[in-house]
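Laboratory data are not the source of any read-out in this text; all were calculated from the coordinates shown. Every value quoted in this text rests on a predicted model; they were computed, and no experiment measured them. Glycine also receives a Cβ, built like all others from the backbone with ideal geometry; neighbour counts cover every protein chain displayed.
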Amino acid sequence: MPDPASPLPYTDTKPVGAADFYAAINATFRFIHARLGEDGLRRYWQEMGTQYHAPIAEKWRLGGLLAVADHWRAFFDAEPGADVEITRSDDEVCVNVKTCPAIDYLRRHDREIFPTFCQHCHFVNEAIAEPAGLAARVKGGNGSCVQRFIKRTPQLEAQNLEDIATAS
């Protein structure tokens with residue numbers, strides 16, 4: 001049973017996560033895309049955010065941007081090889097990923113990285129953020145990016161997918 005005080009919805013007793021997971025999700029994205037196309041892959045990412053990550057959305061809804069920042073600090077503390085800086089203001093949480101642990105792992109292990117791999121950060125995080133009245137915007141990718149979690153407003157522009165780099 002997860003610790004209700006933890007910003008993460010699971011209990012993990014290892015000091016860091018298992019990096020081979022990155023190869024598995026890379027292969028999963030490629031498999032789903034081959035069978036269901038780009039729209040099917042995006043649906044998969046959105047459903048992962050709305051269904052699997054529903055406990056995170058609820059924590060963000062209840063705790064606001066403080067809960068978002070706490071989540072990402074705990075998440076990246078457990079990710080092997082992550083170099084990430086997280087800042088919070090009254091209006092947003094900024095996750096500055098200087099070294100993406102997934103992209104770094106895939107490169108070091110000579111894996112062919114699925115080209116739209118980095119888009120999953122937008123689609124999954126946007127689905128988590130929406131029930132909390134927040135939005136997720138990503139800029140960069142392919143090893144480093146900036147992910148912003150901001151209050152959702154009617155004036156907010158949609159994510160420009162061209163702002164998310166193709167992974168290689």
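Helical runs (DSSP H, four residues minimum) scored at -39500 (n - 2.57) apiece and divided by the length of the chain put the mean residue ellipticity at 222 nm at -14500 deg cm²/dmol. When the Gaussian network model of the chain links Cα atoms closer than 10 Å, the mean-square fluctuations of ILE32, ILE150, ILE86 top out at ILE32. For VAL146 and ASP20, the difference between the fully extended length at 0.36 nm per residue and the C-alpha to C-alpha distance is 43.0 nm. Across 5 Å bins from 0, what is the distribution of all Cα-Cα pair distances for segment 64-154, in whole percents? Going from the shortest bin to the longest, the percentages are 3, 14, 24, 26, 18, 9, 4, 2, 0. Taking GluC sites (Glu not before Pro) in DSSP loop states with no more than 14 other Cβ atoms inside 10 Å as exposed sites, the chain has its longest site-free stretch at 1-111. Placing +1 on the Cβ of every Lys and Arg and -1 on the Cβ of every Asp and Glu, with nothing else charged, gives the chain a dipole about its Cα centre of roughly 140 debye. From the Kirkwood radius over Cα pairs of the chain, Stokes-Einstein at 4 °C and 1.567 mPa s returns a whole-number translational diffusion coefficient of 79 µm²/s. Straight-line cross-link reach from LYS151 at under 17 Å between alpha-carbon atoms covers these aspartates and glutamates, not counting any fewer than eight positions away in the same chain: GLU58, ASP70, ASP90, ASP91, GLU92, GLU126, GLU130. Within the chain, which complete DSSP H helices have Cα atoms spanning at least 24 Å along the helix axis and a mean Kyte-Doolittle hydropathy of -1.0 or higher? The qualifying helices are 20-47.
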